[in-house]
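One structure below.
No lab work stands behind these numbers, since they all come straight from the coordinates. Please read these numbers as outputs of a predicted model, since none were measured by experiment. Here the Cβ positions follow ideal geometry from the backbone for every residue, glycine too, while neighbour counts run over all protein chains shown.
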Amino acid sequence: MTKSDSFEALTPETLPARLGGLPVLTARLGADPGAWAVREVGDGNLNLVFVVEGPKGSAVVKQALPYVRLVGESWPLPLKRSFFEYHALTRQQARAGKGTVPEIYHFDEAQALIVMEYLTPHVILRRALIDGRKLPRIGRDLGLFAARTLFRGSDLAMTARERKQDLALFADNVELCDITENLVFTDPYFEAELNRHTPGLEPLVAELRADRDLKVEAQRLKHLFAAKAETLLHGDLHTGSIMATEGDTRVIDPEFACYGPMAFDVGMLLANFWMSLFSQAGHEEDNSREPMRAYLLATVTEIWAVFRAEFSALWRSERNGMLYARSVFEERGDALGAEQALDRVLHELWDDLLGFAGVEIHRRILGLAHNADFETIADEGLRAKCEAPALRFGRHLAVNRHRIHSIEEVNALAARIDREARA
Ligand code: SR1
Ligand code: MG
């Protein structure tokens, strides 16, 4: 990690001269920066992303901007988010394993930039799902990633001192947490200034914003997100934060990392697969997306099954932290007690992830930051027809989360609501 001069945003033209002296880059790309080809490829809401290719190899340079790219300079955002992203990536790699996130080559705190592996021929998972591509590994890889990062970043695995020190480090990621707190849990449920929705949804939007049970549940979930500092979250684990090929899955972009409830990451992740399901009709020609729908639901089932199995295995083998101490259970001959406690923890996680999934769906359709699954449906009438059942499904999850018992039940409901909307 190095510090250099005061912040200045890179451009494709200035990058070779400004970073040409970095040994990590010259070693990887070639010694002559004049021979590097640079292109800016950032299509997210916040940052600059450059792909740099030289005679010997390639790298990505990601740089934070002092404002929200999606909105402009009127919404300032601190550069320190790249510090949290860098630290989250190092922890995720340690907890989930090498090859689950991009390899980090260099971090410059003052320039808010991270130099990392260029993932190629990877594609953003969301884009692949829009295109109807079925990537066979993602269910297993994402279930493992979530279980390992969430378990190993919590008091189940860490000592109290270790976790509290880490909690203190990430507690300063205030502004990005604030974005999540407002954009996910609050803005969708009233006429917030930056909200927008597809024309035609007005009656349903009004119904949802007048729905007291939904509003109370969304605020209970916000309370949980803000108050339950259970583990280090990725914080923005949607299908746009995943790059994949047929044989490899990488999780990127953890700048929203903060301590929060385990269920948040899992809920956001599953919500994005369900949204993909509801959006398929907008990308379909001649009923061709039926196998894709089956694949999406099977992937949801697999993520949850792999997550549960891995979390349970870690509970049995690596539960050496402050919580649910072995001295109370196994070491007293009460292994069954530890299993009972595991069931309770998983049950609570399940209830909460459904709620987080519900509000994530709402905010991607009603709030500021929409997702490409729906946004790329050019015909607004068709888009609204895809979004409306997703909104109803999200409402059902958020309000009824304590009364839903299995992933099969949720998937069957999603499939039915989607089918009926297309009939
Ligand atoms: C102003 S940032 C909007 C959204 O983009 C990011 O990807 C996060 O999802 C955030 O909520
Ligand atoms: Mg992002």
(request) Considering only the stretch 122-152, state which residues are in a loop (DSSP other than H, G, I, E, B) and among the basic types (Lys, Arg). (result) Arg133, Lys134, Arg137
(request) Only one of these is in contact with a Gly (Cβ under 9 Å, 6 or more places away or on another chain) and over 19 Å from Val101 (Cα atoms): Gly282, Gly267, Gly240. Name it. (result) Gly267
(message) Let me spell it out: the conditions are (1) touching an Asp or Glu at 6+ places or on another chain (Cβ under 6 Å); (2) surrounded by 13 or more Cβ atoms within 10 Å (Cβ to Cβ), and Leu142 meets all of them except one. Which number is the exception?
(response) (1)
(request) Among the residues of the stretch 31-71, write down those that are within 13 Å of ligand 2 (Cβ to nearest atom), under 22 Å from Pro121 (Cβ atoms) and of a type in the set (Lys, Arg). (result) Lys62
(message) Between Gly337, Gly267, which is part of a helix (DSSP H, G or I) and in contact with a Leu (Cβ under 8 Å, 6 or more places away or on another chain)?
(response) Gly267
(message) Considering only residues that are without any contact (Cβ under 8 Å) to a residue 40 or more places away in the chain and either buried (at least 16 other Cβ atoms within 10 Å of the Cβ) or closer than 19 Å to Asp265 by Cα (or both), which ones fall in the stretch 282-307?
(response) Glu284
(message) So, Gly132, is that one in contact with a Pro (Cβ under 9 Å, 6 or more places away or on another chain) and under 16 Å from Thr299 (Cβ atoms) or not?
(response) yes
(message) Against the definition (aromatic (Phe, Trp, Tyr) and within 16 Å of ligand 2 (Cβ to nearest atom)), how does Phe185 come out, yes or no?
(response) no
